[in-house]
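Here, each number is a calculation from the coordinates, and none is a lab measurement. Everything numeric here is computed off the predicted structure, so don't read it as measured data. Here the Cβ positions follow ideal geometry from the backbone for every residue, glycine too, while neighbour counts run over all protein chains shown.
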Amino acid sequence: MAASRTIVVAGAGIGGLTASLALAGQGFRVIVLERAERLEEAGAGLQLSPNASRVLIDLGLQPRLAARAITPDAISIMSARSGGEVVRLPLGEAATFSAGAPYWVVHRADLQTALQAHVSDNPDIELRLGCQFEDVVAHAKGLTVVQRSGMTRQQELAVALIGADGIWSTVRHHLFPEVQPQFSGLIAWRGTLDATRLPREHTSRRVQLWMGPNAHLVAYPISGARQINVVAVVPGTWNRPGWSAASDAYEIKNAFASSQWPGTVRMMVGAVDDWRKWALFTVPDRGEWTNGPIALLGDAAHAMLPFAAQGAGMAIEDAAVLAKCLGQSRNEGGPTVAAALQRYARMRRSRVMRVQRTAQKSGQIYHLRGVAAYARDLAIKAMGGKRMLARQNWIYGWRS
């Protein structure tokens, strides 16, 4: 491959695969390095608001996702204090029409499968599984990217390297070893259950957000509404890196056993047989994203708390903006690759930082207790669902 057209992407997660498709659309040839021997589901459900689904639709993924992604009718904000719904944010077809793209909930594995299939169909993208980034050297012709597969090392000439290899990014460690993920003091427990295990009134096509004392729970349908995805967030000290550690179901069931939590929540928590947990880390929002012709994307650059449901969305947005900026570097008289990547970082930084702050603030609001929780519920109820949804317009209305 000619170095002038080749970009190496480290990481075949949602951000890396989306970036490879967007870059190929700009005329680049893309090599995606993924250390795993095969792409497997990590986690369970994802919420993709219109800012993210719009990018995926523009890349041609809607036919592959149509049978799997669900457009919920609403987001129900529930309060453990009152035992029921405080307000309902209307989604469905009306919100899709207003935003120009749907709000999807989807199993992470279904999205990753659709992205991988789309990548496989593109002759300008090569996905190398069982192959990991090891080193990179800059020179007059661009970059030499060193990759390793087992005991075999291989070098590739490239015009740019994109680190989309997650919160524990090897590319970021190579560039900025002083930047370390920070533990938030919170742990997310994730599990799924067959929808048939819950009464019908609790399996409707909506996202339920249960706010409670020092914890919260989110539940929504995935896999064609055959399963319910449940995520419970509680404080804790366990902070082992990783996305899917085996866990003792008794621990999370005990955390929600208190009478402060209504029976509906206890029922959902009790119905999940296999819980997996992941310690929530973030990457400081003041770190660098680029160094010459090398850039970071998604969690590698700005891992955030999941309480705005925008982690995947920000990676997808990153991919669209990065590809557009690098596409301009191919034009005669256009910016250099390094300048294009600096522009990408400038365009993304303020928005991502605002989303990071929003997610952190949301978590604090969800976990209020006592009088503060009572005041929160009154304020949300007074605002109403439509006004609450309109407060998200700055996120959902984004276009690349």
- line: the stretch 261-400: Kirkwood hydrodynamic radius (Cα pairs, Å) comes out at 17.9
statement: note: the chain, Cα-Cα separations exceeding 34 Å make up a percent value of 28
field: Distance between modelled label sites at T113 and L129, nm, 7 Å Cα→Cβ extension
entry: 1.3
field: Residue-span extension gain [T196 to S82] - 0.36 nm each, minus C-alpha spacing
entry: 38.4 nm
field: Taking N as its residue count, the alpha carbon Rg of the stretch 84-135 over 2.2 N^0.38 Å
entry: 1.86
- request: Can you check what the Kirkwood hydrodynamic radius comes to for the stretch 195-265, Cα pairs only, in Å to one decimal?
  value: 13.8
message: If you take every DSSP beta bridge fully contained in the chain, what fraction is antiparallel? Give it as a percent rounded to 5.
response: 70
- prompt: For Q364 and N393, what is the calculated FRET efficiency with R₀ set at 22 Å and r taken between the beta-carbons, to the nearest 0.05?
  reply: 0.50
- prompt: Over all distinct alpha-carbon pairs, what is the Kirkwood Rh of the stretch 240-331 in angstrom?
  reply: 16.6
For the stretch 8-76, alpha-carbon Rg and Dmax in angstrom: 14.0, 44
- prompt: For the chain, what is the calculated [θ] at 222 nm in deg cm²/dmol (nearest 500), taking -39500 (n - 2.57) for each run of four or more DSSP H residues and dividing by its residue count?
  reply: -10500 deg cm²/dmol
message: Among M267, Y250, L280, whose Cα projects farthest towards the positive end of the dipole of the stretch 239-286, with charges put on the beta-carbon of Lys, Arg (+1) and Asp, Glu (-1)?
response: L280
